[in-house]
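Have a look at the structure below before the remarks.
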Amino acid sequence: MTITLNPHHTSIRGELKVPGDKSISHRAIMLGSIAEGTTTVSGFLLGEDCLNTIQCFKKLGVSIEQNDDHVTIIGKGIDGLNEPEDVLNVGNSGTTIRLLLGLLSGTPFHSILLGDESIAKRPMDRVTIPLKKMRAKIDGRNDGSYPPISVRGGNLRGIHYHSPVASAQVKSAILLAGLQADGLTTVTEPALSRDHTERMLTAFGVKLTRDKTTVSLQGKQKLKATHIQVPSDISSAAFFIVAALITKNSDIVLKDVGINRTRSGIIDALKLMGANITFINERMFNDEPVADLHVTSSNLKNIEISGDMIPSLIDEIPILALAATQAEGQMVIKDAEELKVKETNRIDAIVTQLKQLGAAIESTEDGMKITGKTKLLGGTVHSLGDHRIGMMLAIASLICEKETVITDEECIGISYPHFFNDFQKLITPAKY
């Protein structure tokens, strides 16, 4: 399918609450399923990825009731999951398959996990290698490197794993396996990745220790049911933050946004560029920091994005690249090789699609270089099946000289089902 967006050359104004955090929604279902008692979740993201997580756990014998963004989970305890009668299809969700690999590595039964065409190309060895070191029995294409993947779990032992990448999915998979392992499980990362799993495990009563980029837990701990209130997703909010920054006379408030320091790198980067972003009403949802964000139009200057900045804004690089096209000077993004193994090769996707709109952007081996301020012309572009590329292109249409036609826009539903409704709400005036 395609959508045609006309140039607006106008401001965006108003108040908006974007959908719940995708990472936290996934984890709430997973930990609620292995907890003892009834867990309730409010603000659950109704995107395709998170709904696929629910379906997978239903196949594992968990009773889950969903009423809009409220979810009730009847937990089965750490040892209570059932062998699935069918394959576990994760759709497009890398989080679901990698974290499930960790969780199922400790279960005394057989499971097969697969996903869509994109998942079939995404590397799983970063997870399966450490899980095999814990004695998990995992097989699949290229020795378990690519789905479909078979897992026959049980009899794990704890390890100390030094991860070569800063990846919350790798860390979380190992910790979920470690819950069922004998002894101590420890993960050390080269830089701190997002820490939603550690925070939520604590909310469910798990004792763990954290020291800089290292986290440890003892196996055989039980989880106790709780209530999880999911903050609005900062990755989704980032699209409207940048929209307000790069359009004239804009003034918006985004409600209940998660500002976890391992996720808020996009805010830090934009503020270094000169963005007018203010936190209002800072508070906590469970153990997650939350605030309302007040954002107004800003004159941006490009900076270098590299090193330890990358893990906390890796998912926001597509929209950050758009911001760079409207900032003074040149932005250099380095150390972002992780973009190559997302839903698409996001380095190539960002560069080809923004260049199609008229941006001055070039790819490098580990990132890109973007020269601003550049007028974007419009034209026909493609999401390439990547929800974040699709949303970035929609925001770009606000400042294009001519209409923008986006093909395969339906993929946006993976993380933001009502994106275009919210997009239209903020436009002053709406023109489509």
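In the condition set (1) at pLDDT 95 or above; (2) more than 23 Å from F419 (Cα to Cα); (3) not β-branched (V, I, T), C50 is compliant with all but (2).
Can you spot a residue in region 23-36 that is surrounded by fewer than 17 Cβ atoms within 10 Å (Cβ to Cβ), touching a residue at least 12 places away in the same chain (Cβ under 8 Å) and among the small types (G, A, S)?
no
May I ask you to list the residues in region 356-391 that are outside any strand (DSSP E or B), among the charged types (D, E, K, R) and either closer than 14 Å to I319 by Cα or touching an Asp or Glu at 6+ places or on another chain (Cβ under 7 Å) (or both)?
Here is the first cut: in region 356-391, the ones outside any strand (DSSP E or B) are 356-359, 365-366, 372-375, 377-378, 383-391.
Right, trim to among the charged types (D, E, K, R) and you get 365-366, 373, 375, 386, 388.
Correct list: D366, K373, K375, D386, R388.
Just one of the listed residues (F44, F57) is buried (at least 24 other Cβ atoms within 10 Å of the Cβ), touching an Asp or Glu at 6+ places or on another chain (Cβ under 8 Å) and modelled with pLDDT of 95 or more, namely F44. Against the definition (over 24 Å from L223 (Cβ atoms) and either in contact with a strand residue (DSSP E or B) (Cβ under 8 Å, 6 or more places away or on another chain) or modelled with pLDDT under 95 (or both)), how does M124 come out, yes or no? So M124 fits the description; yes.
Taken over region 223-240, the criterion of being touching a Phe, Trp or Tyr at 6+ places or on another chain (Cβ under 7 Å), among the polar types (S, T, N, Q) and crowded, with 23+ Cβ neighbours inside 10 Å is satisfied by S236 alone. Filtering region 107-143 to residues that are more than 22 Å from the chain's Cα centre (by Cα), over 25 Å from L184 (Cβ atoms), not basic (K, R) and not in a loop (DSSP other than H, G, I, E, B) leaves H110, S111, I112, D139, G140, N142, D143.
Could you please find all residues in region 300-334 being touching a helix residue (DSSP H, G or I) at 6+ places or on another chain (Cβ under 9 Å), outside any strand (DSSP E or B), over 15 Å from F239 (Cα atoms) and modelled with pLDDT of 95 or more? L300, N302, I303, A327, K334, listed by residue number. V253 meets each of the listed conditions (1) free of Cβ contacts under 8 Å to residues at least 40 places away in the same chain; (2) over 24 Å from I317 (Cβ atoms); (3) of a type outside the set (K, R) apart from (1). Scanning region 53-78 for residues being free of Cβ contacts under 8 Å to residues at least 40 places away in the same chain and acidic (D, E) gives a total of 2. Within region 191-207, the set of residues being farther than 18 Å from L100 by Cα and modelled with pLDDT under 95 comprises A191, L192, S193. Out of curiosity, is T296 without any contact (Cβ under 8 Å) to a residue 40 or more places away in the chain, surrounded by fewer than 23 Cβ atoms within 10 Å (Cβ to Cβ), farther than 27 Å from S363 by Cβ and hydroxyl-bearing (S, T, Y)? Considered against the rule, which asks whether it is without any contact (Cβ under 8 Å) to a residue 40 or more places away in the chain, surrounded by fewer than 23 Cβ atoms within 10 Å (Cβ to Cβ), farther than 27 Å from S363 by Cβ and hydroxyl-bearing (S, T, Y), T296 comes out as no.
The values are calculated or read from the model by the stated rules, or taken from the named source; none is laboratory data. In this text the structure is predicted, and so the values were computed from the model without any measurement. Reconstructed Cβ throughout: ideal geometry from the backbone, glycine too, with neighbour counts over all protein chains shown.
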